[in-house]
1. State which residue is surrounded by the fewest Cβ atoms within 10 Å (Cβ to Cβ) when the search covers only the stretch 125-144 and only residues that are assigned to a loop (DSSP other than H, G, I, E, B) and in contact (Cβ under 8 Å) with a residue 40 or more places away in the chain.
2. Among (1) surrounded by 12 or more Cβ atoms within 10 Å (Cβ to Cβ); (2) not in a helix (DSSP H, G or I), where does ASP178 come up short?
3. Going by the structure shown, is ASP21 of a type in the set (D, E, K, R), closer than 28 Å to VAL134 by Cβ and at pLDDT 90 or above?
4. Among ASP76, ASP104, ASP147, ASP95, which is closer than 27 Å to VAL181 by Cβ and touching a residue at least 40 places away in the same chain (Cβ under 8 Å)?
5. When you scan the stretch 81-94, how many residues do you find that are surrounded by 16 or more Cβ atoms within 10 Å (Cβ to Cβ) and either not β-branched (Val, Ile, Thr) or not in a helix (DSSP H, G or I) (or both)?
6. Quick one: in the stretch 41-68, which of the residues that are assigned to a helix (DSSP H, G or I), closer than 14 Å to ARG127 by Cβ and touching a residue at least 24 places away in the same chain (Cβ under 8 Å) is nearest to the chain's Cα centre (by Cα)?
7. Does PRO113 count as more than 21 Å from LEU188 (Cβ to Cβ), modelled with pLDDT of 95 or more and surrounded by fewer than 19 Cβ atoms within 10 Å (Cβ to Cβ)?
8. Just give me the residues in the stretch 95-112 being in a helix (DSSP H, G or I) and among the hydrophobic types (A, V, I, L, M, F, W, C), in sequence order.
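The values are calculated or read from the model by the stated rules, or taken from the named source; none is laboratory data. Bear in mind the structure is a predicted one, so any value in this text is a computation, not a measurement. A quick note on method: Cβ atoms are made from the backbone with ideal geometry, for glycine too, and the neighbour counts reach across all protein chains shown.
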Amino acid sequence: MATKANLRAQVTDGIVEAVLDELADVGFGRLSMDGVARRARAGKAALYRRWPSKQEMVLDVVTELSVPMAATTPSDDLAADIAALVGGVDDWLTDARMSRILPDLLAEAMRNPGLAAALTDRLGAARRGYGQAVIDAAIARGEVSSDVDSEYVLDLVAAPVFWRFCGRREPTGPAFLDRVVDSVLHALGVSGR
């Protein structure tokens, strides 16, 4: 027999899926609490019990999906760690829904400073934190100079993959991802694999 907590979790899971589907189909600007509630087959009150606004709902749902996709624990193999970071970006950006959601959210963030700040704080900083941990571990091992431009390196982990897939709508593929890894290693002052 399902408990109240299990039923609430099932409702929340249904709402999360509805938010992602609605966001992918209509975009942030046209997304409404009514539309999500209809798609989730839930009342609007169920949404408002969980989130005070559309923006908070979208941020929570996208962050909950996006941040774990970046999870990389530093090892003693810098090249493997960088490959994992680049692969995490590729998996994130090429996800069927996220490939439609992220470009739309970034465009909306250009018009909505509050959304832009929240995306940077909740999603960008968290994902970049994994990359910074990899760089910090390599610095601690003496593999990378402490004066490396981490911000540039972290941009380089994601930017080529984003532009190839979201900007040009071209597939990435293993050979392309290997070139990105080599570029990141070069920017870290480490010879390629």
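1. Filtering first and then ranking leaves ARG141.
2. The single condition ASP178 does not satisfy is (2).
3. Spelling it out, it is not the case that ASP21 is of a type in the set (D, E, K, R), closer than 28 Å to VAL134 by Cβ and at pLDDT 90 or above.
4. So the residue among ASP76, ASP104, ASP147, ASP95 that is closer than 27 Å to VAL181 by Cβ and touching a residue at least 40 places away in the same chain (Cβ under 8 Å) is ASP76.
5. 9
6. SER66
7. Taking the combined requirement at face value, the residue satisfies it.
8. Of everything in the stretch 95-112, those that are in a helix (DSSP H, G or I) and among the hydrophobic types (A, V, I, L, M, F, W, C) turn out to be MET98, ILE101, LEU102, LEU105, LEU106, ALA107, ALA109, MET110.
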